[in-house]
Amino acid sequence: MRHLIDPTDLTVKEIDEILALAEDIIAHRAKYSEALKGKKLATLFYEPSTRTRLSFTSAMLELGGQVIGFSDANSSSAFKGETVADTVRVIRCFADIIAMRHYKEGAPLVASQYAGIPVINAGDGSHAHPTQTLTDLLTIKREKGHFDNLTIGFCGDLKFGRTVHSLIKALSRYTGIKVILISPEELRLPDYMLHEMADNSNLEFREVRTMEEVMPELDVLYMTRVQKERFLDDEEFDRVKDSFVLDPEKLLTAKKDMIILHPLPRINEITRSVDNDPRAAYFRQVENGKFVRMALIYTLMKWADENKPFEHTPVFNEEYVMSDELRCPNHSCISTTEDVDHIFRKGSDGVCRCAYCEAKAK
Ligand code: CP
């Protein structure tokens, strides 16, 4: 059974096929209007969402399918203490495919082990957001025409920004990509990501502290919100919350064909006066999200019918070890609150990392 938990669950070829399908859906909407007639999507959202949940809903409806689910964990039996594993074993009796958002990192991975139907990670804590990545890739493809040899600046909260983590992983498989990480010290990309990037000879990257110093180089500027809900300390959030504000003056030195992306929601990191700049692609990006989710749901349902195996990075292959001695120290990880197998993967740096959230094992 194929799931989408991490962007690397898909090969580059599979991603290209999903993006091509999304473009065909855009060009021939009517052709797909009954493609999933009689099928049901369950949207299990334990954390707030506007774009992701509603674009999944809209995507399934436009494919002729139906949607069930919840948008608030407190209106489900999670409020009474039901585990993710038990919840999805119940949901499989009612639906054909699941899109899950959870505040606990690794929750969709746990769901995929028990659901028996395809599970899509719709965002897990600060960890990953692979369908936003497909959205971002489709937007880059439609706006720039290609992925290779692009210089992409990621600006803002790179520590908690799951969309950044997933998009960097996906882009690092294309050639000639240059990544510029623009953040305050407190919001740097997590260690495991920096290690992976350092190991990847395909990818060039550097860290800077201001967007002004790199603006003329960028083909894509990926802005992010400082994720207030992930901070344990209000004072620390207050210190960094206004670190970067993109306004028309800062764009004066940018390339004429640079594009500005943002997964949204935006707070104050892009001023309203930027919205009318033709380079501001973030609302076009939202619309692409619906089409690429249509392509993804369609593809995963087709693969489920064909019983298609993984071609790349099986979720638990021989690189993974189950251990009673190692523990994940990340309090935001599902393995610290639910009774799950403690599974780790030894990276090329010799460090064992939690399979659910990629934190260093203790
Ligand atoms: N981009 C994104 O995930 O938005 P929502 O939180 O509104 O779903």
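Out of the residues in the stretch 275-289 that are under 16 Å from the mean Cα position of the chain (by Cα) and among the polar types (S, T, N, Q), state the one that is nearest to M223 (Cα to Cα).
Q285
State which residue is nearest to the ligand (Cβ to nearest atom) when the search covers only the stretch 63-80 and only residues that are surrounded by 19 or more Cβ atoms within 10 Å (Cβ to Cβ) and of a type outside the set (A, V, I, L, M).
So the residue we want is G69.
Suppose we filter the stretch 290-324 for residues that are of a type outside the set (A, V, I, L, M), modelled with pLDDT under 90 and more than 21 Å from the chain's Cα centre (by Cα); how many remain?
Number satisfying all stated conditions: 9.
Please verify whether the stretch 34-42 includes one or more residues that are assigned to a helix (DSSP H, G or I) and at pLDDT 95 or above. First the steps, then the outcome.
Step one: filter the stretch 34-42 for residues assigned to a helix (DSSP H, G or I), giving none.
Within the stretch 34-42, none of the residues are assigned to a helix (DSSP H, G or I) and at pLDDT 95 or above.
Tally up the residues in the stretch 110-126 that are out of contact with any His (no Cβ under 7 Å at 6 or more places or on another chain) and open to solvent by 10 Å² or more (accessible area, probe 1.4 Å), please.
5
Please pick out the residue among E23, E105 that is within 16 Å of the ligand (Cβ to nearest atom) and either in contact (Cβ under 8 Å) with a residue 60 or more places away in the chain or within 19 Å of I334 (Cβ to Cβ) (or both).
Details: E23 fails: within 16 Å of the ligand (Cβ to nearest atom).
Sole residue among the options that is within 16 Å of the ligand (Cβ to nearest atom) and either in contact (Cβ under 8 Å) with a residue 60 or more places away in the chain or within 19 Å of I334 (Cβ to Cβ) (or both): E105.
Kindly indicate whether L10 is within 16 Å of the ligand (Cβ to nearest atom), more than 18 Å from K290 (Cβ to Cβ) and surrounded by 18 or more Cβ atoms within 10 Å (Cβ to Cβ).
no
Which of the residues spanning the stretch 148-169 are part of a helix (DSSP H, G or I) and either charged (D, E, K, R) or surrounded by fewer than 22 Cβ atoms within 10 Å (Cβ to Cβ) (or both)?
Result: R162, K169.
Pick from the stretch 101-147 the residues that are in a strand (DSSP E or B) and closer than 18 Å to L10 by Cα: which of them is farthest from the chain's Cα centre (by Cα)?
Start the filter on the stretch 101-147 by keeping residues that are in a strand (DSSP E or B), which leaves 101-102, 105, 119-124, 128.
With closer than 18 Å to L10 by Cα added as a condition, the list becomes 119-124, 128.
Details: V119: 14, I120: 10, N121: 8, A122: 7, G123: 6, D124: 8, A128: 4 Å.
The qualifying residue farthest from the chain's Cα centre (by Cα) is V119.
Can you name every residue in the stretch 143-200 that is touching a His at 6+ places or on another chain (Cβ under 7 Å) and aliphatic (A, V, I, L, M)?
Matches in the stretch 143-200: M193 only.
Does P48 satisfy being under 24 Å from S335 (Cβ atoms), within 20 Å of the chain's Cα centre (by Cα) and surrounded by fewer than 16 Cβ atoms within 10 Å (Cβ to Cβ)?
Answer is yes for this residue.
Among the residues of the stretch 198-212, is there at least one that is modelled with pLDDT of 95 or more, in contact with a Lys or Arg (Cβ under 9 Å, 6 or more places away or on another chain) and buried (at least 20 other Cβ atoms within 10 Å of the Cβ)?
Scanning the stretch 198-212, I find at least one residue that is modelled with pLDDT of 95 or more, in contact with a Lys or Arg (Cβ under 9 Å, 6 or more places away or on another chain) and buried (at least 20 other Cβ atoms within 10 Å of the Cβ), so the answer is yes.
Need the failing condition index for L246 against (1) over 20 Å from Y103 (Cβ atoms); (2) within 16 Å of the ligand (Cβ to nearest atom), just the number.
(2)
Among the candidates S126, S166, single out the residue that is touching a Gly at 6+ places or on another chain (Cβ under 8 Å), among the small types (G, A, S) and within 14 Å of the ligand (Cβ to nearest atom).
S126
Report yes if some residue within the stretch 280-299 is part of a loop (DSSP other than H, G, I, E, B), away from the ligand (no atom under 16 Å from the Cβ) and surrounded by fewer than 23 Cβ atoms within 10 Å (Cβ to Cβ); otherwise report no. If you could, list the steps in order and put the result at the bottom.
Initial filter on the stretch 280-299 (part of a loop (DSSP other than H, G, I, E, B)): 281.
Cutting the leftovers down to away from the ligand (no atom under 16 Å from the Cβ) gives us none.
No, the stretch 280-299 has no match at all.
Residues of the stretch 213-249 being open to solvent by 40 Å² or more (accessible area, probe 1.4 Å) and among the aromatic types (F, W, Y), which ones?
none
Being within 16 Å of the ligand (Cβ to nearest atom), open to solvent by less than 30 Å² (accessible area, probe 1.4 Å) and modelled with pLDDT under 95 is the requirement here; does A59 meet it? Lay out the reasoning, then the answer.
Numbers: within 16 Å of the ligand (Cβ to nearest atom): yes; open to solvent by less than 30 Å² (accessible area, probe 1.4 Å): yes; modelled with pLDDT under 95: no.
It is false that A59 is within 16 Å of the ligand (Cβ to nearest atom), open to solvent by less than 30 Å² (accessible area, probe 1.4 Å) and modelled with pLDDT under 95.
Restricting attention to the stretch 146-163, which residues are within 16 Å of the ligand (Cβ to nearest atom) and on the phi > 0 side of the Ramachandran plot?
G156
Which residues, counting only those in the stretch 329-341, are buried (at least 16 other Cβ atoms within 10 Å of the Cβ) and either under 15 Å from P190 (Cα atoms) or in contact with an Asp or Glu (Cβ under 7 Å, 6 or more places away or on another chain) (or both)?
Here is the first cut: in the stretch 329-341, the residues buried (at least 16 other Cβ atoms within 10 Å of the Cβ) are 330, 332-336, 338, 340.
Those that are buried (at least 16 other Cβ atoms within 10 Å of the Cβ) and either under 15 Å from P190 (Cα atoms) or in contact with an Asp or Glu (Cβ under 7 Å, 6 or more places away or on another chain) (or both): N330, S332, C333, I334.
The values are calculated or read from the model by the stated rules, or taken from the named source; none is laboratory data. Just so it is clear, the structure is predicted and the values come from calculations on it, not from any experiment. Cβ coordinates were reconstructed from backbone atoms using ideal geometry, including for glycine residues, and neighbour counts include every protein chain displayed. Protein only, heavy atoms only, side chains kept; ligands, DNA and RNA dropped before computing areas. Shrake-Rupley method; radii C 1.70, N 1.55, O 1.52, S 1.80 Å.
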